[in-house]
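Input: a single structure, listed below in structure tokens.
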Amino acid sequence: MSVASETTPSLIVFGRDDTSKPHASIFLLPDVEAAEGAARLMGMHSHRIEPGEAGDIVLRLPRGKLFDSGKAFVPFVKGELYTRIAALAGVADEPRRASTGNDDPGSPENASAGSPEALTGQADHDQGSGSGDGGGEGGSPDPWGKLTVGDIVLASEGPDEGYFEARIMKAKAKGIFTLKFRDYPDAAPVDRSYYQLGLIHPRQLSKR
């Protein structure tokens, strides 16, 4: 029989955002009560697990983080994994209705690095890639060279995290940008070099 310790995964926080994208993360034993409070505050679900329970699910979940605001960092996960979590917790998987019409362009959304339209490196394809009017090899423009304050890019929160939408808040020297994650306004800004960023295809951005 497994015995719980401070490093035992003990709580899953999960839920879908306003665009129906699934989020889930695991919290350790000392953070269970605070994470349950964060889940309530964010309108998400929580499910306590016993030591050793659902190990195949737990091993695939990213670690969550708690903020001083009482909210938590709950990253995006694959739909198949989310469905299994909902079944484990006995929660009906009913995606929230995606907002339509006059969406706030600053509303929180995030994108997976595996999204087919997300990491392309060809953000300006429709604006003349291969047309001979750019500065890159073969006439293709360098999309990273056009990044500026206010642009939305994809960035990772850390080595073990996926990529999420972030807004450029400041452009520094030597291609360094200060970013703020759109889905996690309570998270501290991060600095990333241009080569650590992914670009979102203009067609994807136009859907928002």
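For the reader, a short list of remarks on this structure follows.
- Leading residue by the ranking (least open to solvent (accessible area, probe 1.4 Å)) among those in region 1-20 that are out of contact with any helix residue (DSSP H, G or I) (no Cβ under 9 Å at 6 or more places or on another chain) and of a type outside the set (S, T, N, Q): Asp17
- Any chance Val77 is modelled with pLDDT under 95 and either more than 25 Å from Tyr163 (Cβ to Cβ) or open to solvent by less than 30 Å² (accessible area, probe 1.4 Å) (or both): yes
- Index of the failed condition, Leu11 passing every other in (1) closer than 22 Å to Phe181 by Cα; (2) in contact with a Lys or Arg (Cβ under 9 Å, 6 or more places away or on another chain): (1)
- Verdict on Gly145 being assigned to a helix (DSSP H, G or I) and modelled with pLDDT of 55 or more: yes
- Residue that is surrounded by the most Cβ atoms within 10 Å (Cβ to Cβ), among those in region 24-74 that are under 20 Å from the mean Cα position of the chain (by Cα) and among the β-branched types (Val, Ile, Thr): Val74
The values are calculated or read from the model by the stated rules, or taken from the named source; none is laboratory data. A quick note: this is a predicted structure, and the numbers were derived from the prediction, not measured. When we count neighbours, we look across all protein chains shown, and the Cβ atoms used for this are built from the backbone with ideal geometry, even at glycine. Just the protein is used for accessible areas: all its heavy atoms, side chains included, with ligands, DNA and RNA removed. Shrake-Rupley method; radii C 1.70, N 1.55, O 1.52, S 1.80 Å.
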